[in-house]
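What follows is a single structure, written as structure tokens, with notes after it.
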Amino acid sequence: MSRLFKKEQISAYRDRRFRGTQEEFEQALRMSTTVYVGNLSFYTTEEQIYEVFSKAGEIRRIVMGLDKNTMTPCGFCFVAYYVREDAEDAVKYVSGTIVDDRPIRVDFDWGFEDGRQWGRGRSGGQVRDEYRTDYDPDILVCACP
């Protein structure tokens, strides 16, 4: 019953770099065909992402997140589909899937723009990694190709 009075949130994530209001951000999420994928291993390849996410629909583009200093993968990517329903299926069915021994997070994204592929952390990687208390050994010794 409380659902009748509560506005359903499409995503718990708010991108601070989105230029617009919260309402515009939510509208962009509702219309977007792009998903954000997090908690990837630094060794996960674009081919592996394609194999998993193509089960939800036809993929238009995959953009791997890169450490801006070392130009190596840093644990996230964007997957863009041709149609919204495929992105919805990815969020619904692929989130939580184990890829390279890690449960991945899949969430709607407002759309990829050039520059968003770089990690935003001070070290060049993800900000999330700078606040971890349980460090992943891959993060510390990544010798990614």
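May I ask you to list the residues in the range 26-45 that are free of Cβ contacts under 8 Å to residues at least 60 places away in the same chain and touching a Pro at 6+ places or on another chain (Cβ under 9 Å)?
Those that are free of Cβ contacts under 8 Å to residues at least 60 places away in the same chain and touching a Pro at 6+ places or on another chain (Cβ under 9 Å): Thr44, Thr45.
Exactly one of (1) on the phi < 0 side of the Ramachandran plot; (2) surrounded by fewer than 21 Cβ atoms within 10 Å (Cβ to Cβ); (3) of a type in the set (D, E, K, R) is unmet by Asp109. Its number?
With respect to (1) on the phi < 0 side of the Ramachandran plot; (2) surrounded by fewer than 21 Cβ atoms within 10 Å (Cβ to Cβ); (3) of a type in the set (D, E, K, R), Asp109 is out only on (2).
Pull up the range 38-61, narrow it to residues that are at pLDDT below 95 and among the hydrophobic types (A, V, I, L, M, F, W, C), then point me to the one that is surrounded by the fewest Cβ atoms within 10 Å (Cβ to Cβ).
Phe42
Where residues in the range 12-36 are in a loop (DSSP other than H, G, I, E, B) and buried (at least 17 other Cβ atoms within 10 Å of the Cβ), which of them is modelled with the highest pLDDT? Before you say what the answer is, go through the steps one by one.
The first filter runs over the range 12-36 and keeps only residues in a loop (DSSP other than H, G, I, E, B), leaving 12-21, 32-33.
Next, only the ones that are buried (at least 17 other Cβ atoms within 10 Å of the Cβ) stay: 32-33.
Working: Ser32: 89, Thr33: 92.
Only one residue fits best here, namely Thr33.
Conditions: (1) touching a strand residue (DSSP E or B) at 6+ places or on another chain (Cβ under 9 Å); (2) over 26 Å from Glu24 (Cα atoms); (3) among the aliphatic types (A, V, I, L, M); (4) modelled with pLDDT of 90 or more. Ile98 meets all but one. Number of the miss?
(1) is the only condition that Ile98 fails.
Being in contact (Cβ under 8 Å) with a residue 40 or more places away in the chain and either crowded, with 16+ Cβ neighbours inside 10 Å or under 11 Å from the mean Cα position of the chain (by Cα) (or both) is the filter; apply it to the range 84-96 and report the residue that is farthest from Thr33 (Cα to Cα). Spell out how you get there, then give the answer.
The first filter runs over the range 84-96 and keeps only residues in contact (Cβ under 8 Å) with a residue 40 or more places away in the chain, leaving 84, 86-87, 90-91, 94.
This time we only want the ones that are either crowded, with 16+ Cβ neighbours inside 10 Å or under 11 Å from the mean Cα position of the chain (by Cα) (or both), so: 86-87, 90-91, 94.
On the way: Asp86: 8, Ala87: 5, Ala90: 10, Val91: 11, Val94: 15 Å.
That would be Val94.
Out of the residues in the range 62-83 meeting the condition of being open to solvent by 60 Å² or more (accessible area, probe 1.4 Å) and modelled with pLDDT of 95 or more, tell me which one is nearest to Glu46 (Cα to Cα).
Narrowing the range 62-83 to residues open to solvent by 60 Å² or more (accessible area, probe 1.4 Å): 68-71, 82-83.
Restricting the remaining residues to those that are modelled with pLDDT of 95 or more gives 82-83.
Values: Tyr82: 18, Val83: 20 Å.
Filtering first and then ranking leaves Tyr82.
The values are calculated or read from the model by the stated rules, or taken from the named source; none is laboratory data. As the structure is a computational prediction, the values presented were derived from the model and not from experiment. Heads up, the Cβs are rebuilt from the backbone with ideal geometry, glycines too, and the neighbour counts pull from every protein chain shown. Side chains included, ligands, DNA and RNA excluded: accessible areas come from the protein's heavy atoms. Shrake-Rupley method; radii C 1.70, N 1.55, O 1.52, S 1.80 Å.
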